[in-house]
């Protein structure tokens, strides 16, 4: 490959697109076991090393809150799609309307972030904001 100005610019743009692709938000799945609520995230790469999982709370500035993050308990389960991260979100405030996201971090920076989710009183579960109920909640009553 001949290195010239246009090839260098193209290579830089290609590299930037690969870096940005890593940070696409993951789509969470939700479940309820008794009185506990869980969010599930799936990763096909078992070599990823996560130091901690945090829940990031949206601003909610008009509600007297602010942007906050806090650690939550989780377990890693083997799954046919790779690794399943099962995260306990029972301690979240169900009345907080700006929404939550899950952030998986290694030593110092965020590696992955989920789509934003909120609690829905009608279905008694957490749902991804703006998505259809059927896309984010598995109905186990059938």
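Readers should treat all values here as calculations from the given coordinates under stated rules, not as data from a laboratory. All figures in this text were calculated on a predicted structure; none of them were measured in a lab. Cβ: placed from backbone, ideal geometry, glycine included. Neighbour counts: every protein chain shown.
Numbers at a glance
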{"item": "Spacing of the two label points (7 Å from each Cα toward its C-beta) at residue 90 and residue 50, in nm", "result": "1.9"}
{"item": "Segment residue 107-residue 32, extension gain: residue separation times 0.36 nm, minus the distance between their alpha carbons", "result": "24.0 nm"}
{"item": "Gain on full stretching of the segment that runs from residue 97 to residue 4 - 0.36 nm per residue minus C-alpha separation", "result": "28.3 nm"}
